[in-house]
Every structure is written in C-alpha cells, then in structure tokens.
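Notes for the one structure printed next.
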Amino acid sequence: MVTVLRWELNADGTLNGRPVVVSQSGINDSNRPQAQLHAERAIRAVQLAAPFRLPEQYYDRWRRIGSFRFDRSI
C-alpha cells in the first residue's frame with residue numbers, strides 16, 4: 001500500500017497546515033481496513049518530522065512538497 005501526501009512549509013521549516021492525502025494505491029479487499037490508518041500514520045510522520053531544516057535561500061523550491069510517497073512495504 002502506498003499513500004501519497006502533499007504539504008506546504010513556512011520559511012522556518014514548520015508545517016503550513018496539515019498534510020493532505022493526494023492518493024492511495026495498492027489497496028485491496030484484505031488491506032482496505034488499514035488504508036485510513038496508513039494515511040493517518042503518514043500524516044503523523046510528517047508532523048513529527050517537522051520542523052525541517054532546509055536552506056532558506058532555496059525556499060521557493062521546497063516550500064511545496066507536492067508528491068511524497070509513503071510505502072507500507074518498505
């Protein structure tokens with residue numbers, strides 16, 4: 001199962017709002033009950049990792065994280 005999130009960051013590396021689920025794949029009848037939990041855990045992982053320490057001079061490049069994959073099989 002893969003959950004794809006997007007989120008935005010402030011210039012200081014803190015989250016600008018809550019990460020959003022863009023998509024999920026690899027869901028079947030046997031793992032469907034865990035899909036929501038997988039999404040919630042992916043969101044929580046991003047929240048726990050913040051603030052991100054990134055170079056301020058490149059803020060325009062990293063302020064929007066548009067497609068980050070969380071793969072359950074890894």
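One table, with the values for the structure above:
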item: Which listed residue is under 9 Å from the mean Cα position of the chain (by Cα) and basic (Lys, Arg), from Arg32, Arg6; result: Arg6
item: Answer from Arg64, Arg44, Arg53 - the residue that is in contact (Cβ under 8 Å) with a residue 12 or more places away in the chain and within 14 Å of the chain's Cα centre (by Cα); result: Arg64
item: Within the chain, strands (runs of 3 or more DSSP E) holding 1 or more residues that are surrounded by 15 or more Cβ atoms within 10 Å (Cβ to Cβ), modelled with pLDDT of 95 or more and in contact with a His (Cβ under 7 Å, 6 or more places away or on another chain); result: 2-8
item: Number of positions in segment 7-50 that are small (Gly, Ala, Ser) and touching a helix residue (DSSP H, G or I) at 6+ places or on another chain (Cβ under 6 Å); result: 1
item: Of the criteria (1) within 12 Å of the chain's Cα centre (by Cα); (2) in contact (Cβ under 8 Å) with a residue 60 or more places away in the chain, which one Ser73 fails; result: (1)
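The values are calculated or read from the model by the stated rules, or taken from the named source; none is laboratory data. Keep in mind the model is a prediction, meaning the values are calculated, not measured. Using ideal geometry, Cβ is built from the backbone for each residue, glycine included, and neighbour counts are taken over all protein chains shown.
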